[in-house]
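The values are calculated or read from the model by the stated rules, or taken from the named source; none is laboratory data. The structure displayed is predicted, hence computed values, not measured ones. Backbone-built Cβ (ideal geometry, glycine too); neighbour counts: all protein chains shown. Accessible surface is based on the protein model in full, side chains and every heavy atom, while ligands, DNA and RNA are left aside. Shrake-Rupley method; radii C 1.70, N 1.55, O 1.52, S 1.80 Å.
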Amino acid sequence: MIDIQKANDCWHEVNGNIIIKLPEDFNLKANLGYLERNKNECMFEVENGIITKAVAVGGTLALVQIHVNDRNQMIVQFLKDTRPGNPAECAAVVSYIREWFDLDRDLKSFYEMAKSDPLLKNPVQEFYGLRVIGVPDLFEALCWGVLGQQINLAFAYTLKRQFVEKFGDSIEYNGKNYWLFPSYDQIAQLTPADLADIKMTLKKSEYIIGIAQLMASGELSKEKLLQMENLKEVEKSLIKIRGIGPWTANYVMMRCLRFTSAYPIDDVGLHNAIKHLTGSGKKPTKEELLKLSQRWANWQAYATFYLWRVLY
């Protein structure tokens, strides 16, 4: 959940730019390495260490450029006269960015655990300063989870681009379009036939429209999920939704709802990273994965994210 008050305490303004205070262990290079892993990403652009992204605040769209200076401060500049007109909307942009990079997370105990863990010690050393890059919008996170089911990552990015460019809004700047993810209200009005020219399966089209309809009706929301008592209750609620299984549920809990103990135990990327690091020819068994989960207690999401970076 976005904490506007916390955002207000962690930023200030200089010459019209927003300056966000960063944790000491934040490392821009490590995070850019993740953001740049696929050139077909359509939700932001990274060029020369500068991130350009469209952000929805209230009923308006803002286009921001983000970079980190040599004092480890994040500088946010609004482009094309898209600066919000009131302080609350500026704070909402800051809150979105803080949530995107998980900047309010204290990682000391994760690093303490990881430095003596046989699987994590090298990835943590190599990618130190990396945060679990989030997907703050629940509809976007659920759609990305559905799109990525049972296909390779490159094709998932292609599907996302087709979906976003067909149904999303954009801001044009310097001859480029910067896209916002389609709203659930819009997608809830569609039928699978409207998605027919996107190269996803009919079932995935049905799943995405069904999720949009649940959100449009108010039955499903990020706020409702975050009010639940614990991770297991949230997981149970998510897997009741058609098209959402345990993998997608844990992916969403990890990257959107920010449960650090979310653990996508069936994730192929996690299995491949473990095989690579252990030199094993076989994927880890469920028992082995559960033992690892106990070793990484309360930090399974961060452990998974760092292991993903070994191969992806």
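If the viscosity is 0.890 mPa s and the temperature 25 °C, what translational diffusion coefficient in µm²/s does Stokes-Einstein give for region 1-110 when Rh comes from Kirkwood over Cα pairs? Intermediate results must be reported in sequence, preceding the final value.
Details: Rh = 14.5 Å.
Rounded to a whole number, D works out at 169 µm²/s.
Mean separation of Cα pairs under 8 Å and 6+ residues apart, divided by the residue count of the chain: what relative contact order is that in percent?
Values: 430 pairs, mean separation 53.5, N = 312.
Value for the chain: 17 percent.
Per residue, how big is the convex hull around the C-alpha atoms of region 265-310? Give it to me in cubic angstrom, could you?
63 Å³
Identify all aspartates and glutamates with a Cα-Cα distance to Lys224 below 13 Å; exclude those on the same chain that are fewer than 8 residues away in sequence.
Partners found: Glu233, Glu235.
With viscosity set to 0.692 mPa s at 37 °C, what whole-number translational diffusion coefficient in µm²/s follows for the chain from Stokes-Einstein and a Kirkwood radius over Cα pairs?
Values: Rh = 20.4 Å.
Here the translational diffusion coefficient equals 161 µm²/s.
Which of the aspartates and glutamates could a cross-linker bridge to Lys203, judged by Cα under 17 Å and excluding same-chain residues fewer than eight apart?
Lys203 reaches Asp194.
Roll a 1.4 Å probe over the protein chains and send me the accessible area per residue for the chain in Å². Could the numbers behind the result be given before it?
Details: 14930 Å² over 312 residues.
Accessible area per residue: 48 Å².
Rg/Rh for region 75-141: what does it come to with C-alpha atoms and Rh from Kirkwood?
Reported Rg/Rh, Kirkwood definition of Rh: 1.14.
Determine the dipole magnitude for the chain: charges of +1 sit on the beta-carbon of Lys and Arg, -1 on that of Asp and Glu, nothing else is charged, the reference point is the Cα centre, and the result goes in debye to the nearest 20.
The dipole of the chain has a size of about 960 debye.
For region 100-220, what is the charge dipole size about the Cα centre, in debye to the nearest 20, if Lys and Arg each add +1 at the Cβ and Asp and Glu each add -1 at the Cβ? Intermediate values should be presented prior to the final figure.
On the way: 12 positive and 16 negative charges, 91 e Å.
Around 440 debye, computed over region 100-220.
5 Å is the cut-off here: which amide hydrogens, built 1.01 Å from N in the peptide plane, fall below it relative to Gly134, excluding neighbours closer than 5 in sequence?
Phe101, Asp102
If you plug each phi of region 208-221 into the Karplus form 6.51 cos²θ - 1.76 cosθ + 1.60 with θ = phi - 60°, what whole-Hz ³J(HN,Hα) values come out, in order, with x for Gly and Pro?
Calculated HN-Hα couplings, in order: 5, 5, x, 4, 4, 5, 4, 6, 5, 7, x, 5, 10, 7 Hz.
Just to be sure I understand the curve: with the Debye formula and one point per C-alpha of region 146-282, what is log10 I(q)/I(0) at q = 0.15, 0.16, 0.17 Å⁻¹?
Per q value, in the given order, log10 I(q)/I(0) is -0.88, -0.97, -1.07.
For Lys21, list the aspartates and glutamates whose Cα falls under 12 Å from its own Cα; do not include residues on the same chain fewer than 8 positions away.
Straight-line reach from Lys21, under 12 Å: Asp9, Glu13, Asp104.
In whole Hz, what ³J(HN,Hα) sequence does region 82-94 give by Karplus (6.51, -1.76, 1.60; θ = phi - 60°), x for Gly and Pro?
Rounded to whole hertz, the list is 9, 4, x, x, 10, x, 5, 6, 4, 5, 5, 5, 4.
Probe radius 1.4 Å, ligands and nucleic acids ignored: give me the carbon and sulfur share of the accessible area of the chain as a rounded percent. Walk me through the intermediate numbers first.
Numbers: 7230 of 14930 Å².
Solvent-exposed carbon and sulfur of the chain make up 48 percent of the total.
Quick one: which of Lys236/Lys283; Lys53/Lys286; Lys53/Lys291; Lys53/Lys222; Lys166/Lys275; Lys108/Lys236 span more than 28 angstrom between C-alpha atoms? All intermediate terms of the calculation are to be shown ahead of the outcome.
Details: Lys236/Lys283 26 Å; Lys53/Lys286 39 Å; Lys53/Lys291 39 Å; Lys53/Lys222 22 Å; Lys166/Lys275 39 Å; Lys108/Lys236 30 Å.
Over 28 Å apart, Cα to Cα: Lys53/Lys286; Lys53/Lys291; Lys166/Lys275; Lys108/Lys236.
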